[in-house]
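Visitor: Let me give you the structure first, and then I'll get to my questions.
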Amino acid sequence: MPNNRKIYTKTGDKGTTDLIGGTRVPKYHKKIEAFGTVDELNSFVGLIRDNTENKHIREVLIKIQEHLFILESLLAKDGSKLRESLPDLDDSDVELLEKEIDAMNEQLSPLTSFLLPGGHPTVSFCHIARTVCRRAERLTIKLNETYIVGTLAVRYLNRLSDYFFVLARKFSKDLNVPENLWKPRV
């Protein structure tokens, strides 16, 4: 059956959009900024996934993308009683990231300095994802001051940015790309 549904609705042409639950808000609303940044992050995760042949990492990145969709929906709900329940993040989602970080760290040399991002496109994509993740974390923390988001969302984003940092280091090692240590002027 062909999909004749148009992608455009024209309902946002005046600068507003719907939250999950039906409340209309300006497109610059705190909730839109937060889940829009998580959506941006999700796109960068797809870019990283498209640039690795490592099957295990690809599988973990798909799980991360699924978790980010869950987080987006949690950030986008308006607080009303929804007809259908939304999925939720779980402690095991954070634990997965911690397990992956620990496994990668076992293969890496100890870090003695700050790193300059770069060295290979895939490494750079990880650093971009890390910084977008930190922005999403800041926006989610700010949003949590007004709306109930929950500490699990913040914990997940905090651990996810750590994951991308360590993943960048792992890619540097696997791709035989030297890490550029920052040498401050003193």
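Visitor: Against the longest principal axis of the chain, how steep is helix 91-105, in degrees 0 to 90 to the nearest 10, with axes from Cα atoms?
Guide: 20 degrees
Visitor: Any chance you could list the semi-axes, whole Å, largest first, of the equivalent ellipsoid that the Cα gyration tensor gives for the chain, using √(5λ)?
Guide: On the way: eigenvalues 223, 67, 56 Å².
After diagonalising the Cα gyration tensor, the semi-axes are 33, 18, 17 Å.
Visitor: Considering only Asn180, Leu167, Val132, whose Cα is most displaced toward the positive end of the charge dipole of the chain, charges sitting on Cβ of Lys, Arg (+1) and Asp, Glu (-1)?
Guide: Projecting each Cα onto the dipole axis, the largest value belongs to Val132.
Visitor: Next up: Using each residue's phi in the range 36-46, evaluate 6.51 cos²θ - 1.76 cosθ + 1.60 at θ = phi - 60° and report the 3J(HN,Hα) Karplus result to the nearest Hz, with x for Gly and Pro.
Guide: So the Karplus estimates, Gly and Pro as x, are x, 5, 5, 5, 4, 4, 4, 5, 5, 4, x Hz.
Visitor: If you line up the Cα atoms of the range 1-75 on their principal axes, what length do they span on each, largest first, in Å?
Guide: Cα extents, longest axis first: 44, 37, 19 Å.
Visitor: Moving on. With angles folded into 0 to 90 degrees, how steeply does helix 151-174 sit against the dominant principal axis of the chain? Use alpha carbons for both and round to 10.
Guide: 40 degrees
Visitor: If I take all pairs of Cα atoms in the range 55-164, what percentage of them are more than 25 Å from each other? Could the numbers behind the result be given before it?
Guide: On the way: 1646 of 5995 pairs.
Cα-Cα pairs in the range 55-164 separated by more than 25 Å: 27 percent.
Visitor: With only Lys, Arg, Asp and Glu charged, each at its Cβ (+1 for the first two, -1 for the last two), find how big the charge dipole of the chain is about the Cα centre; round to the nearest 20 debye. Mind dumping the intermediate values first?
Guide: Numbers: 28 positive and 26 negative charges, 164 e Å.
Magnitude of the dipole: close to 780 debye.
Visitor: I would also like to ask the following. Amide H of Thr17: which non-local residues (sequence gap of 5 or more, or other chain) have their own amide H closer than 5 Å, using H built in the peptide plane?
Guide: Answer set, sorted by chain and number: Val25, Lys27.
Visitor: Return the loop-located chymotrypsin sites (Phe, Trp or Tyr not before Pro) in the range 74-161 (DSSP other than H, G, I, E, B) with at most 12 other Cβ atoms within 10 Å of their own Cβ; answer none if there are none.
Guide: Sparse-neighbourhood loop chymotrypsin sites (Phe, Trp or Tyr not before Pro): Phe114.
Visitor: At 20 °C and 1.002 mPa s, what whole-number value in µm²/s does Stokes-Einstein give for the translational diffusion of the range 111-186, with Rh from the Kirkwood sum over Cα pairs?
Guide: This corresponds to a translational diffusion coefficient of 157 µm²/s.
Visitor: Let me ask something else about it. Would you pull out the residues with amide H under 5 Å of Leu115's amide H, same chain only if 5 or more places away, H placed 1.01 Å from N?
Guide: Result for Leu115 returns Trp182.
Visitor: Moving on to the next point. Select from the range 1-70 those GluC sites (Glu not before Pro) which occupy a DSSP coil region and have at most 10 other Cβ atoms within 10 Å, ordered by residue number.
Guide: Counting only loop positions with at most 10 other Cβ atoms within 10 Å, the GluC sites (Glu not before Pro) in the range 1-70 are Glu53.
Visitor: Related question: Of Thr11, Leu108, Pro87, which is farthest towards the positive pole of the chain's charge dipole, taken about the Cα centre with +1 and -1 on the beta-carbons of Lys, Arg and Asp, Glu respectively?
Guide: Thr11
Visitor: Amide H to amide H under 5 Å from Lys77: which residues, 5+ apart in sequence or cross-chain, H placed 1.01 Å off N in plane?
Guide: Ile20
We did not get these values from a lab; they are worked out from the coordinates using the rules stated. Remember, predicted model here, so these are calculated numbers, not experimental data. Cβ: placed from backbone, ideal geometry, glycine included. Neighbour counts: every protein chain shown.
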